[in-house]
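J.: Quick one: the structure is below, questions incoming.
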Amino acid sequence: MRIGVKASGTLKSPLLLARFRAGPGAEGDARAAHDVVRHDFDLSGVFAVSDTEPLTEKLTPNPAAQGSVRVEGMVEVAGAGLQFTGEALDIGTAESVFKRTYPATRSDLRRAMHRFNDDVIEALTGERGIAETRIAFVRQSGRLKEVWIADYDGENARQLTHDSTIALSPAWAPWGSEIAFTTFKRGNPDLYLFDLGRGASYPFSTRPGLNTAPCYSPDGKWIACTLSRDGNAEIYLVSRDAQTARRLTRNQRIDSSPSFSPTGNQIAFTSDRSGSPQVYVMDVEGSNQRLLTLEGRYNDSPQWSPKGDRIVYASRHDAVFDVIVMDANGQNSVQVTFQAGHNENPRWSADGRKIYFSSSRSGRRQLYLMNPDGSDVVQLTKGGESFNPAAGPRARKRTQAAGPG
Amino acid sequence: MLRRAALPALALAMAMALSSCAPGGYYNTSQSALDSLLTSQAQLAKRIDAMERKLDATREGIAATRATNDTRLLEISQHLDVLDGKIDDSGARFKNLSMKLDTVKKQIADSTRAAGARDTTGTLDAEAMYQAAYSDIAAGRYNLARESFQTYLRLYPDSDVADNAQYWIGESYYGTGDFANAIVEFQKVIDKYPKGDKVPAAMFKLGLSQARVKQTAESQKTYRALIQKYPKSPEAALAKERLNPKS
């Protein structure tokens, strides 16, 4: 299979990251904070980062360096904890673009730095970053598969479900404190909702047959999923309060893997109605079903990008899976993974600047993060086997507590 | 009648007469009668058994045949579904090719005109224009999408995707909650492109739009017309559900 051409690298803004200055007793913390932010800027896909020394005098305008950014930071001991002051300067105009002080403790310094990263990206691009978001995924140890949750970069991974069975396909609620997933804990593949606030899960759909592949509507009122209660896998919309179930597809073949468009008015899905799995789209009412993938024999697990302009999916060719990105109209499909092994389960990050996926390129399946053009691939998990990533949403508009915006 | 009534009496008299020299005679007679009765009963049971077995076998045979038939029917209907799917997909592929063809035709026309003064300002090729407008629908830029599809229909009224473009104009209103205008535009798909493949989808969306503006009677009429005209379409099944919502 030949899909388009290999994508070229993303255009990135140059960013000079200064070594962070440290107040008395905060030298180690300054280094740690710097390393976290350096990693965040690297992963953002927005900046080409290089290291530099902190400014010793006031920056002078350098029109030749228009569009380049310098980031300065300082960590100080403040009371029982720490405080971090970060600033982003436009090297072209020598003006401060963003400056804020963040209170922190040694244990949540990482979180404060993620927030600084997202604030800087928002100030410079108008679109917030994802360093504060989290991911859910499935980790397999032995024969058991449980849902895990981690920071966006794979750090601070912790086990969410302890059902000692097989859990699959986690999906985030748009409000970020609930995860829908499939579990076999009662012997049947049932859909459960995990409440992150209560730390407990409860059944959502336990109909006979399959209850899998959940996807929340953008307004959170519906969960699209695959049910086989009528003898054959079909896509249903089940209201979040579980009161109403509306069947969207009906044929004797398998329809699965629904994914809402960001408008909530369309759903991309997989169907093998024409003999092999292909990506289709329908209106949210189930009408106007149409083929989307014009290339490839086996195309599965589509996901609509957060901006609605693109769809990512996994395509099997020459007995391996690779990640394909195409326009939402099915045009311009581009293969973005090329490594050995299977590259599957592609999922957009909340800002659409990144794609999470699982790959068996190093032997066992692990989670990776890359730019939508396939560049900057970074491995996020090690040990065991991890797959089925799901990127959590960004926090809803926070109320700014302090500092100049 | 008389003879019958006399027989037991005769038998009784004989038994009484024989009783003195053969005390077990009466019993023996009853025993043999009973024996033959039991034998015939056993034979009867055997025959019933055999018949039941035959019946079971027949039943199994019928069930097996039915199962085979069911499987065959399922296979056939699955094949039919696949064929349907393939036809639909071919339709999609054809429209896509046809769109590309429109672009090529336009380019040829442009290049033949190229000898003279040529004005290409603002002319986007047909396919690119359609695709851009469609992307706007997906991204929720409904006003932009509507304008582009309207322009597309003015420039390429005979395009193979003209009915699609008209459908998306309806959808651009539907997506913004302007159901009154959605009704007008979906109706145009049905009236202007009656042979197009978007008609069932447009009829269904017309019905939904009518329901949203409380034209319940019109909505139900649209659903019924859809079910009658396109009974095998996915939209007909959806319309049936809207007509008879499950409690």
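FYI, it's all coordinate maths here, none of it is from the lab. None of the values given here were measured: they were computed from a predicted structure. FYI the Cβ positions are ideal-geometry reconstructions off the backbone, even for glycines, and counts take in every protein chain you see.
J.: Starting from 0 in steps of 5 Å, tell me what percent of the Cα-Cα pairs of the range A:1-154 lands in each bin.
T.: In whole percents, the pair-distance histogram is 2, 9, 16, 19, 17, 13, 10, 7, 4, 3, 1, 1, 0.
J.: Considering every residue in B:135-145, what mean count of other chain Cβ atoms within 10 Å of its Cβ is obtained?
T.: 5
J.: For a quick size check, give me the Cα extents of the range A:134-391 along its three principal axes, largest first, whole Å.
T.: Result, largest extent first: 43, 43, 31 Å.
J.: Additional query: Report the equivalent ellipsoid semi-axes for the range B:125-243 in whole Å, largest first, defined as the square roots of five times the eigenvalues of the gyration tensor built from alpha carbon atoms.
T.: Computed over the range B:125-243, the values are 25, 16, 11 Å.
J.: What are the ³J(HN,Hα) values, in whole Hz, obtained from phi via the Karplus relation 6.51 cos²θ - 1.76 cosθ + 1.60 with θ = phi - 60°, for each residue of the range B:84-101 in sequence order, with x given for Gly and Pro?
T.: Whole-Hz 3J(HN,Hα) from phi for the range B:84-101: 4, x, 5, 4, 4, 4, 4, x, 4, 5, 4, 4, 5, 5, 4, 5, 4, 4.
J.: Could you work out how much longer the chain between B:Ala50 and B:Arg93 gets when fully extended? Use 0.36 nm per residue separation minus the Cα distance between them, nm to one decimal.
T.: 9.2 nm
J.: If you count the DSSP beta bridges with both ends in the range A:13-125, what percent of them are antiparallel, to the nearest 5?
T.: Close to 65 percent.
J.: Further question: If you average the sequence gap of Cα pairs under 8 Å that are 6 or more apart and divide by the length of chain A, what percent do you get for the contact order?
T.: The normalised contact order for chain A reaches 12 percent.
J.: No solvent, one uniform scatterer per C-alpha: report log10 I(q)/I(0) for the range B:51-101 via the Debye equation at q = 0.13, 0.22, 0.26, 0.31 1/Å, two decimals.
T.: Result of the Debye calculation: -0.53, -0.78, -0.88, -0.98.
J.: Can you pull the mean other chain C-beta count within 10 Å for peptide A:319-329?
T.: Going residue by residue through A:319-329 and averaging, the value is 2.
J.: Still on this model: How much net charge surrounds A:Arg207 when only other residues with a Cβ under 9 Å from its Cβ are counted (Lys, Arg +1; Asp, Glu -1)?
T.: Net charge in that neighbourhood comes out at 0.
J.: A further question on this structure: Let me check I've understood the local charge: for A:Ser96, count other residues with C-beta under 9 angstrom from its C-beta, Lys and Arg +1, Asp and Glu -1. What total comes out?
T.: Within the 9 Å Cβ shell, the charges total -2.
J.: With contacts defined as alpha carbon pairs under 8 Å and 6 or more residues apart, what's the relative contact order of the range B:144-226 in percent?
T.: After rounding, I find 22 percent.
J.: Additional query: How high is the relative contact order of the range A:1-136, in percent, with contacts defined as C-alpha pairs under 8 Å that are six or more residues apart?
T.: Reported relative contact order: 23 percent.
J.: Hey, what's the Kirkwood Rh for the range A:110-160 if you take every pair of different alpha carbons, in angstrom?
T.: By the Kirkwood definition, the hydrodynamic radius is 12.2 Å.
J.: How much length would be gained if the chain were fully extended between B:Ser77 and B:Ala217, taking 0.36 nm per residue of separation minus their Cα-Cα distance, in nm to one decimal?
T.: 46.9 nm
J.: Could I ask something else about it? Could you name the lysines whose alpha carbon sits less than 24 Å from that of A:Lys307, not counting residues in the same chain fewer than 8 places away?
T.: Filter leaves A:Lys6, A:Lys12, A:Lys221, A:Lys354, A:Lys397.
J.: Using the beta-carbon distance between B:Arg154 and A:Ser96 and R0 = 41 Å, what value does 1/(1 + (r/R0)^6) give for FRET efficiency, to the nearest 0.05?
T.: 0.20
J.: Let me ask something additional. Over all directions, average the projected area of the Cα convex hull of the range B:59-210 and note it in nm².
T.: Computed as one quarter of the Cα hull surface, the answer is 12.9 nm².
J.: Moving on. Compute the helix-to-body angle for A:109-125: its Cα long axis versus the longest principal axis of chain A, expressed 0 to 90° and rounded to tens.
T.: In chain A, helix A:109-125 runs at an angle near 90 degrees to the longest axis.
J.: Between A:Leu168 and A:Asp219, what FRET efficiency follows from the Cβ-Cβ distance if R0 is 30 Å, with the result rounded to 0.05?
T.: Given R0 = 30 Å and the Cβ-Cβ separation, E is 0.75.
J.: Let me see the pair-distance distribution of the range A:294-405: every alpha carbon pair, 5 Å bin width, integer percents in order.
T.: 2, 12, 22, 22, 16, 10, 6, 4, 3, 1, 1, 0
J.: Taking B:Lys221 as the anchor, which lysines have their alpha carbon closer than 25 Å to its alpha carbon, excluding any fewer than eight residues away along the same chain?
T.: B:Lys221 reaches B:Lys188, B:Lys192, B:Lys195, B:Lys198, B:Lys205, B:Lys229, B:Lys232, B:Lys240, B:Lys246.
J.: Read phi for every residue in the range A:383-392 and hand back ³J(HN,Hα) as whole Hz from Karplus 6.51 cos²θ - 1.76 cosθ + 1.60, θ = phi - 60°, with x for Gly and Pro.
T.: x, x, 8, 10, 7, 6, x, 9, 7, x
J.: Across peptide A:259-269, how many C-beta atoms of other chains are within 10 Å of each residue C-beta, on average?
T.: Partner-chain Cβ atoms within 10 Å, mean over residues of A:259-269: 3.
J.: Using only the alpha-carbon atoms, how far is helix A:27-44 inclined from the longest principal axis of chain A? Give it as 0 to 90 degrees, nearest 10.
T.: Between helix and principal axis, roughly 50 degrees.
J.: Tell me the Rg and the Dmax, in Å, that the Cα atoms of the protein assembly as shown produce.
T.: Calculated on Cα positions, Rg and Dmax stand at 36.0, 149 Å.
J.: List, in order, the whole-Hz ³J(HN,Hα) value for each residue of the range B:53-68 obtained from phi through the Karplus relation with A = 6.51, B = -1.76, C = 1.60 and θ = phi - 60°; use x for Gly and Pro.
T.: Each residue of the range B:53-68 in turn: 4, 4, 4, 4, 4, 4, 4, 4, x, 4, 4, 4, 4, 5, 4, 4 Hz.
J.: Once label points are set 7 Å from the Cα along Cα→Cβ at both B:Ala64 and A:Ala123, what is their separation, rounded to one decimal in nm?
T.: 8.1
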